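Some notes on the structure that comes next.
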Ligand SMILES: C[S@@+](CC[C@H](N)C(=O)[O-])C[C@H]1O[C@@H](n2cnc3c(N)ncnc32)[C@H](O)[C@@H]1O
């Protein structure tokens, strides 16, 4: 079992109950006063619009969490959705919720790694992925698999947390540490330590610059690739997660341990610090070439 699999099996229930809610992803805030639930649904709706779905479309939901978006698309967009994930815990919950909603005929959930998904070629009209691809280290394998299972002209819509800044701004951040009296080597180690904390808190293997998403998609035969930077619209999410974690600190500590709670606070602080300059959030759409 790899790090992302273990992580999601461990955190899914705690995140859904106490930190994020049933949508295990950022929210898109149209108004600062929006609730987290309103904003997370708004992000799902935004991606739904970008995916340009029609009733009856076969949709692959890559990294389906506990099935919230898949069930939403099956119900509201009248699609047939296959959700894949490497977390058995998440899939079990998604299946239970599909049965409860009477949607098992239109939404199914399969244990599969998105970088080698074993699904039949050209069997989907759309690939949809909400905040899961940062957990997949081999972006080339991921986009090749997405292209393989899409029908010609099929559409990909994904959103995710990633690196958004320029090399210059990254150098600038290192320089700020240096000006505080640290050596360049110490500054680099501090940055690596911040990434490591983020990995423990959120389970990701490595943050990737969105340019690498674009390159991997191009190399896999995607065309009409568009990137929308929504870093600022999703930013209030970090504060909501922090406040939720504080409110439910006791429950989270009991479920995941005190170290986890500290890692979560530290990761949220580090992400807030560089948000929009280093880390950020993109929505990406593309079409599989005919
Ligand atoms: C942040 S959660 C997002 C879940 C869901 N899309 C949502 O927005 O509520 C990331 C999801 O990606 C899944 N995941 C991680 N690595 C994966 C991989 N290699 N292949 C498929 N799913 C993966 C996790 O198990 C989890 O369900």
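Quick one: residue 200 ticks every box in (1) within 16 Å of the ligand (Cβ to nearest atom); (2) under 15 Å from residue 162 (Cα atoms) bar one, so which box is it?
(2)
If we scan region 219-232, do we find a residue that is within 15 Å of the chain's Cα centre (by Cα), buried (at least 17 other Cβ atoms within 10 Å of the Cβ) and under 18 Å from residue 24 (Cβ atoms)?
yes
Please enumerate the residues belonging to region 127-149 that are near the ligand (Cβ under 8 Å from one of its atoms) and assigned to a loop (DSSP other than H, G, I, E, B).
Once the filter is applied, which keeps residues that are near the ligand (Cβ under 8 Å from one of its atoms) and assigned to a loop (DSSP other than H, G, I, E, B), region 127-149 yields 131, 132, 136.
Hey, can you tell me all the residues within region 191-214 that are part of a helix (DSSP H, G or I), surrounded by 15 or more Cβ atoms within 10 Å (Cβ to Cβ) and touching a residue at least 40 places away in the same chain (Cβ under 8 Å)?
Within region 191-214, 194, 197, 198, 199, 200, 201, 202, 210, 213, 214 meet the criteria.
How many residues does region 6-29 hold that are within 13 Å of the ligand (Cβ to nearest atom) and under 28 Å from residue 155 (Cβ atoms)?
Total satisfying the criteria: 10.
Hey, can you tell me all the residues within region 14-47 that are outside any loop (DSSP other than H, G, I, E, B) and more than 25 Å from residue 203 (Cβ to Cβ)? Walk me through how you get there before you give the answer.
Taking region 14-47 first, the residues outside any loop (DSSP other than H, G, I, E, B) are 14-19, 36-47.
Within region 14-47, 38, 45 qualify.
Here are the criteria: (1) within 13 Å of the chain's Cα centre (by Cα); (2) assigned to a helix (DSSP H, G or I); (3) more than 11 Å from the ligand (Cβ to nearest atom). Tell me which single one residue 157 does not satisfy.
Among (1) within 13 Å of the chain's Cα centre (by Cα); (2) assigned to a helix (DSSP H, G or I); (3) more than 11 Å from the ligand (Cβ to nearest atom), residue 157 violates only (2).
Looking only at region 73-92, which residues are touching a helix residue (DSSP H, G or I) at 6+ places or on another chain (Cβ under 6 Å), free of Cβ contacts under 8 Å to residues at least 60 places away in the same chain and not in a loop (DSSP other than H, G, I, E, B)?
Matches in region 73-92: 81, 83.
Given the criterion in contact with a helix residue (DSSP H, G or I) (Cβ under 7 Å, 6 or more places away or on another chain) and surrounded by 21 or more Cβ atoms within 10 Å (Cβ to Cβ), identify the matching residue among 111, 150, 158.
On the way: 111 fails: surrounded by 21 or more Cβ atoms within 10 Å (Cβ to Cβ); 150 fails: in contact with a helix residue (DSSP H, G or I) (Cβ under 7 Å, 6 or more places away or on another chain).
Exactly one of 111, 150, 158 is in contact with a helix residue (DSSP H, G or I) (Cβ under 7 Å, 6 or more places away or on another chain) and surrounded by 21 or more Cβ atoms within 10 Å (Cβ to Cβ), namely 158.
Pull out all pairs, ordered by first then second residue, where Cβ-Cβ is under 7 Å, the residues are six or more apart or on different chains, the first lies in region 102-126 and is away from the ligand (no atom under 12 Å from the Cβ), and the second is part of a loop (DSSP other than H, G, I, E, B).
107/67; 125/57; 126/53; 126/57
Tell me, please, whether a residue that is under 12 Å from residue 236 (Cβ atoms), within 13 Å of the ligand (Cβ to nearest atom) and touching a residue at least 60 places away in the same chain (Cβ under 8 Å) can be found in region 30-39. Lay out the reasoning, then the answer.
Initial filter on region 30-39 (under 12 Å from residue 236 (Cβ atoms)): 30-36, 38-39.
Applying the additional criterion that residues be within 13 Å of the ligand (Cβ to nearest atom) yields 36, 39.
After this cut, where a residue has to be touching a residue at least 60 places away in the same chain (Cβ under 8 Å) as well, the list is 36, 39.
Within region 30-39 (the criterion being under 12 Å from residue 236 (Cβ atoms), within 13 Å of the ligand (Cβ to nearest atom) and touching a residue at least 60 places away in the same chain (Cβ under 8 Å)), the answer is yes, since at least one residue qualifies.
State whether the residues of region 59-68 include one that is over 18 Å from the mean Cα position of the chain (by Cα) and touching a residue at least 24 places away in the same chain (Cβ under 8 Å).
In the first step, residues of region 59-68 are kept if they are over 18 Å from the mean Cα position of the chain (by Cα); the result is none.
Checking region 59-68: not a single residue is over 18 Å from the mean Cα position of the chain (by Cα) and touching a residue at least 24 places away in the same chain (Cβ under 8 Å).
Every number here is computed from the coordinates shown, using simple stated rules; none is lab data. Quantities reported herein were computed from a predicted structural model and do not represent experimental measurements. All Cβ positions, even for glycine, are placed from backbone atoms using ideal geometry, and neighbour counts span all protein chains on display.
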